Each structure stands twice: as structure tokens, then as C-alpha cells.
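To start, the structure itself, in C-alpha cells.
The values are calculated or read from the model by the stated rules, or taken from the named source; none is laboratory data. In this text the structure is predicted, and so the values were computed from the model without any measurement. With ideal geometry, Cβ positions are generated from the backbone for all residues, glycine too; neighbour counts draw on all protein chains shown. To get the accessible areas, we keep the full protein, side chains included, count just its heavy atoms, and leave off ligands, DNA and RNA. Shrake-Rupley method; radii C 1.70, N 1.55, O 1.52, S 1.80 Å.
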Amino acid sequence: MTGPQAAEATPRDLLAVQRDVTQLPIDPADSVPGGDLDVATYAAPDLPSDRFSNRELSWLAFNARVLALAEDHRQPLLERLKFLAIFASNLDEFYMVRVAGLKRRADMGLQISSADGLSPREVLGTLAQRTRELALEHAQCFRDDVQPALAREGIHIRRWDALDDEEKSRLGSYFRSKVFPVLTPLAVDPAHPFPYISGLSLNLAVLVRDSEGGAHRFARVKVPNNVPRFVTVSQTSVESEFLPLEDLIAAHLSMLFPGMDVVEHHLFRVTRNADFEVEDDRDEDLLQALERELVRRRFGPAVRLEVTDDIDDEVLDLLVSEIDVHRADVQRVPGLLDLSALWQIYDVERPALKHRPFVPATHPRFAEGETPKSVFATLRDGDVLVHHPYESFATSVQRFIEQAAADPHVLAIKQTLYRTSGDSPIVDALIDAAEAGKQVVALVEIQARFDEQANIKWARALERAGCHVVYGVVGLKTHCKTALVVRQEGTQIKRYAHIGTGNYNPKTARLYEDLGLFTADDAICADLTDLFNVLTGYSRQTEYRSLLVAPQGIRAGLIDRIEQEMEHARAGRPAHIQFKTNHLVDEQTIDALYRASKAGVRIELLVRTFCTIRAGVPGLSENITTRSILGRFLEHSRVYYFGGAGEPEYWIGSADLMHRNLDRRVEVLCQVSDPQARAHLRDFLDGAFSPRTAAWDLQPDGSWIRASGNEQIDLQELLMKRLADRGE
């Protein structure tokens, strides 16, 4: 900055200029609110216009597969209950983010929402009908199937009217001492406006009147979320009885409205828009900006109103009007509302009704009797690929960071943290390392959706310990899972790295299927050093030696390799592609796969959730098969395999095939070169795509068909046994 203006520039002005200089290119359509870019921004005249299925409907198909596991009588009973809870939580988030984004686009008057050519209003109309169908099926599965089965096993969810006098007396005492003090009845009249209803809270709509008669009056009572949703009626080793908290409150409403007659009450629940973006390119403090947005999230517009199916029409009219929700977004639910609370019932100690306990094995390369083997010594002998949750996170990833923190020869630790647990040993180890005088750089992504508050807490704890905490590149989320350790070894500096597909979270590492590569490879470690310089400084590097890095490199790198497979097929050489990913919606990548299929490349896709490709369509995708595996663990790893006409490549990393991952996040894919690691990935992919493996297969008409028959193999059970045997 030169001239007269320079002298007048404030620190805030200078910061804004610096941020402009370091801004990385963002997809121009990012200005469209509502989440990921869905509109194809390029022409493909050689491909049909109807080649993409609808993204939101593909998600509902995924959640229908989750519900199918709840309906599957081959699953242990409490595991079926767990899948009911997961379905409910999934649907909540779908409304808070995806439906909320569509509504915002519709309000802006956008005519086209997605690559399938539908407008936001057209999509919303279809979603409303399908979600009502699934919500009803979900409620009926619990009420008519799972709940009676639980009762036969001695796990009862009672209603107040079915309790005996002694039970009512005992629970009445509990209500007066534990529940009544935290309740706040809110009247609605000319002096009391309709209260704000927080998102996902349970509420009682209560109609009362003077005991001597008069008009009905409306009040709202919030069911507290700091008291267990299910109150224990009785508990033994063979029998458990629970009462919904809302039943207990409803039975004692007269205590809240003395001198009034309680005419009726109805339960309801509101879902609000929780999708937002922080305007971080002009704000002086990203932490403060995010905290302001978290407050705004609480007051987002309503996108769904759930009510019990026996609600009075006049009460419903009042709720619809005051909450300002469309009639199409009202869901009448038979039975209990908010089945995500069933996790409390799942925690009942009934091992026979759950999956058998599973203890992850330690990878053989990291095992050495009772004394933990040095991770650094192991990696000097070659790379190690670990597969969670089958192989232990604690004795691999966690040990890597803890040993680095305690090792006096370690000079520096650099790590990205996207999501971690509330009592994270990883964060504790970084704090210990900083307090021991090591240089610690932690890139904490404080915009990780729904984990923002927790990540702010960890960022501040790390800062207090003396860690260098940064929040990444302006305009991009840092989603890659990387750690780099710098160690003094004699007269040399040696670097060690971990690149994974999952978060540094010991809790989810027991539930999510993920892969992680440990390496001391010079090229990979040099690339990670350069990447951390991009994330922490003003480096504008976009090309790397051995990694593919988004937003510049992953889409282009994958499409280049897809085109190489096309050349092999045209030359008569073997051509084969296998992708395992959580989501597949990126139009450019899908079109490259379509062209590869037309060229004769055999393409096998394993997609867990969002999937807009059409598989097995004559003239378009005859050579594409697409599967989805759901089970005990959440399939979360990303693997990209290219046959290479006998010189195969295996890539793993954090990136799904979505616009947000490829254009608006820092992501990393790493090639796996170690022969043993490649052999494990080969066995894993062979199992995933085996016709004998239990899975759902995508049909040309867009439906998903579940393979049936007792001969089907559970891939996760197979891996539990195989890797446990290898560990032993």
C-alpha cells in the first residue's frame, strides 16, 4: 500500500488486504446459499441431460437403508433400537441443513436447484411426501414391532395410566424434587407473546381454563433436556421399566397451573435451520465471528413441526401460525416423538440383545509384548497401514502423538484437528508437548458443523498451553487428516507422518471404519511440510510431489487417472476402477466415469450416502455397478483404485466426491505404495465388491435392492475376525 492512504490505514484495513492477497480461488457459485453447489457449470453434449439422480432423494434412500436395518429381525434387538435412534438423528440433521438450504434457495426464487434440472420447490414437494412416508414407517416400526419385542425381553416403556399407585407416588416424589423446579410454564395472552421455541426441544402445548369456566387459554411447557428423557420406574438384571418424561410432566400439570383446569395437552417439536456460513474474509477475529453465528443458529427459521397424531386441530393451527412453518412441513407422528432419545434405552445392560463386544487388535508392526514399540523405529523399516476400528486407534494413532510428545528428540508436531472428542488424549498430548518446549502447530477447524463449540474450547486450551493454533485458509475448511512429527536423529532431521481418512477422535474410531497410513517417506513428509506452510503462512503452493491436494488437485488428479484407464480400454488392455467413498455427487467426476464406462472400463463404486450417479443404464453406464454397505460400523474410509493395466494405484484420504470437498476444503489423498498395505486394500476391496457380500445394489431406475439369502457374508464381521487373527 502506497500514497496518502497508507498513513491512514488501520490494522483492520491491513488485515483485510492481507486476507485478500491470500484468498484461494473459490467456485463462483459458492454465493448460492444452502450448502454445496448442485448446478452443473459446464456442458456435456455427448451425455444425456437426465444422467444425474436427485441428491436429496438419494439421501432419503440412504436413510431408508438405515431404517431397513432397524426392521431386520436378524439384527440383535437393541441394535435395531439403535438404528431407529440413528434414523431419527439423521433426519433431524437433514432438515436442519439440506431442507433448510433448499428453502432458502426457493425463497430466493432460484428456478434450478440441482443437476437433475428440478427447482427447489419441486424438490421440496417431493421430499415432503417421501419424508412423511419414512417418518410414519419409522414410528410404526418402533410402536408395532421393536417396542413389543423389547417388552417380551423385559424392557418396558410404560405410560402413566398403566402405573400402579405405589409407582405413581414414587415418581411423583421424583417429579417434585428433580423436575418441577426446572419447569417454566409460559402463558400466551396479550401480555405474554408466543414464546420462542428452540430447535429440537420437546414441548407441551397446554390448554387451560379458570376452574369456574371461561375461555381456553394456551401455555407452553418445555420438556427439560437436562433431565433424562426416560425416567426409570424399576431396574433389575432381567427387567427394566421406563416412563417418558413428558408423561410424568403431563400427569402433574395441575401443579404448574394451580387454580386452573387443564383441558388438554399435546406434544410438539420444532426443527430449525442450522445451516450458516461465517463471513470470515472481513472479520478481524474468526473465533468471535463464529460465536456470533452460533447464537444466530439458535434463532434460525423453522423448517419442520412434529406433532403427535392426536393433536387438536385448533392447537395445530395456532402452532403453525405462531411458529411460522408451512403446512407441508408438519409431520404427524404416531406414538413417541424424538426417537433419537432411544440411545438411553440402548444403554441398558443386556449384552445378549447387542452385538458381541469387540476389542480392536494392535497392528502386528506396532505390537511388542507388554512394552509399546517405538512408532518411529517401526516406520524406519517401512510404512504401516492401519484399519479402524478393527485395529486399535489407541495403540497406533494415539500412541504416535503421545510418543512424539514424550520423546526428547522430537522438535515439532504439526497436526490438523477437524473433530475430536470431549476428553481427547490427542489434544492432551499436544498440550504436554507444548509445555515440554516442543513446537506444536495445531490447525483447528472451528467451522466443523455441529462441533464448532467444542473446537473453540480446544483451540483456546491449546493456545493457553503455548501451542501455535491457526484456523486454516480464509474461505476454505480444513478437512484433511494429517499429522507430521519432526525428530532430531543424530546429525539429521527425520520426519514422520500420518495421513488418514477419519478424524483424530478416539471415540468415533471405535465406531467408524477408517484407514490411516503411517510413513517416513521423504516425498510425502516434504509434501506435508509444504502443506502446513500453506495452512499456517502465506505460501500459495498448489502442486505437490506425491499427494493430491484440494481445492486444486484432487478432482483433476482423479479425472486424469480415469482418462488413463479409458486409454487402456481403447488399446485393449485391462481397465478397472474401484472407488469407495461416502458421497458421490460431483458432476465432472461422474461424467468422467460415464465416459470411461462407454469406453469399456469396468467401474465398481461403493457409496454410503449421497449418490447421484445412475448405474447400469444402457448406452450410458452398462459397465458401472454401485453398491452401499451399512452395518455395525459406519463405513467412512475413502479409497480410490486404478488398475493401470497391471500397474495399479491405490489412494486413500479425506475427500469425498462432492463440490464442498473438491472446491471448498483442504483435502489430501495419499498414494499407498507399501506392498503389504496394498495387499490389505486389495483384499478389502475384493470383499466389498464380492457378490456374496451383504449390500444394497443400485438399479438402473434409481432404486436400491438389498441382496437376500442366508449365504450373504457380513464384510465387517469378516474383517473383525481376519484382523483379530492377524493381530494374534
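Okay, here's what the table says:
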quantity	calculated
Additional length obtainable on full extension of the chain from residue 706 to residue 526, 0.36 nm per residue less Cα span	60.3 nm
Expected 222 nm ellipticity per residue - DSSP helices of 4 or more, -39500 (n - 2.57), all of the chain, to 500	-10500 deg cm²/dmol
The stretch 393-447 - convex hull of alpha carbons, volume per residue in Å³	76
Estimated vicinal HN-Hα couplings, Hz - the stretch 599-604 in sequence order (Karplus 6.51, -1.76, 1.60; Gly, Pro = x)	7, x, 6, 7, 10, 10
Computed accessible area, residue 173, all protein chains, 1.4 angstrom probe, square angstrom	60
For residue 496, net neighbour charge (Lys/Arg +1, Asp/Glu -1) across residues whose Cβ lies under 10 Å away	+3
Accessible area (Å², per residue) of the stretch 179-263, counting only protein heavy atoms and a probe of 1.4 Å	46
GluC sites (Glu not before Pro) lying in DSSP loop within the stretch 323-375, provided at most 15 other Cβ fall within 10 Å	349
Estimated dipole of the chain in Debye, rounded to 20 [Cβ of Lys and Arg +1, of Asp and Glu -1, Cα centre]	960
Using a Förster distance of 25 Å, the FRET efficiency for residue 725-residue 377 (Cβ separation, nearest 0.05)	0.50
Inter-centroid distance (Cα atoms) of the stretch 670-708 relative to the stretch 144-218, Å	48
Where Rh is the Kirkwood radius over Cα pairs, Rg/Rh for the stretch 612-674	1.01
Dipole of the stretch 496-626, positive direction: furthest Cα of 541, 626, 528, with charges on the beta-carbon	626
Å² per residue, accessible surface of the stretch 347-405 at 1.4 Å	44
R0 of 25 Å, Cβ-Cβ distance residue 347-residue 255: FRET efficiency to nearest 0.05	0.25
Under Karplus coefficients 6.51, -1.76 and 1.60, residue-wise ³J(HN,Hα) of the stretch 395-412 in Hz, glycine/proline x	8, 10, 5, 4, 5, 4, 6, 5, 5, 5, 5, 8, 6, x, 8, 7, 9, 8
Between the stretch 559-633 and the stretch 512-542, the alpha-carbon center distance in angstrom	28
Summed residue charge, Cβ within 12 Å of residue 716's Cβ, Lys/Arg positive, Asp/Glu negative	-1
Residue 606 long-range amide H proximity, modeled H, under 5 Å	579, 580, 581, 627
DSSP-loop trypsin sites (Lys or Arg not before Pro) across the stretch 44-151, with at most 15 other Cβ within 10 angstrom	74
Relative contact order of the stretch 56-136, defined on C-alpha pairs under 8 angstrom at six or more residues apart (%)	26
Pairwise label distance in nanometres, residue 71 with residue 189, each label 7 Å out on the Cα-Cβ vector	4.9
In the stretch 529-616, the chymotrypsin sites (Phe, Trp or Tyr not before Pro) that fall in loop regions by DSSP, at most 16 other Cβ within 10 Å	538
Contact order relative to length of the chain, as percent, for alpha carbon pairs under 8 angstrom and 6 or more apart	12
Computed accessible area, residue 160, all protein chains, 1.4 angstrom probe, square angstrom	40
Ranked order, 704, 59 - accessible area, probe 1.4 Å, largest first	704, 59
DSSP-defined antiparallel bridges as percent of all bridges, the stretch 369-512, nearest 5	60
Cα Rg, Dmax, the stretch 620-728, angstrom units	15.8, 47
Relative contact order (%) - the stretch 602-666, alpha-carbon pairs under 8 angstrom, separation at least six	22
Residue order for 313, 527 - accessible surface, 1.4 angstrom probe, largest first	313, 527
Label-point separation, residue 368 to residue 178 (7 Å along Cα→Cβ), nm	5.0
Scattering curve values for the stretch 87-207, log₁₀ I(q)/I(0), Debye with Cα scatterers, q = 0.16, 0.19, 0.20 Å⁻¹	-1.09, -1.17, -1.19
Alpha-carbon Debye profile of the chain, log10 I(q)/I(0) at 0.07, 0.08 Å⁻¹	-0.55, -0.72
At R0 = 35 Å, FRET efficiency that the Cβ-Cβ distance of residue 647 and residue 428 yields, to 0.05	0.20
Average projected area [Cα convex hull, the stretch 445-526], square nanometres	7.4
Percent carbon-and-sulfur accessible area, the chain, ignoring ligands, DNA and RNA, probe 1.4 Å	50
Estimated distance in nm for a label pair at residue 673 and residue 571, the labels positioned 7 Å out from Cα along Cα-to-Cβ	2.2
Heavy-atom accessible area per residue - the stretch 463-620, 1.4 Å, Å²	35
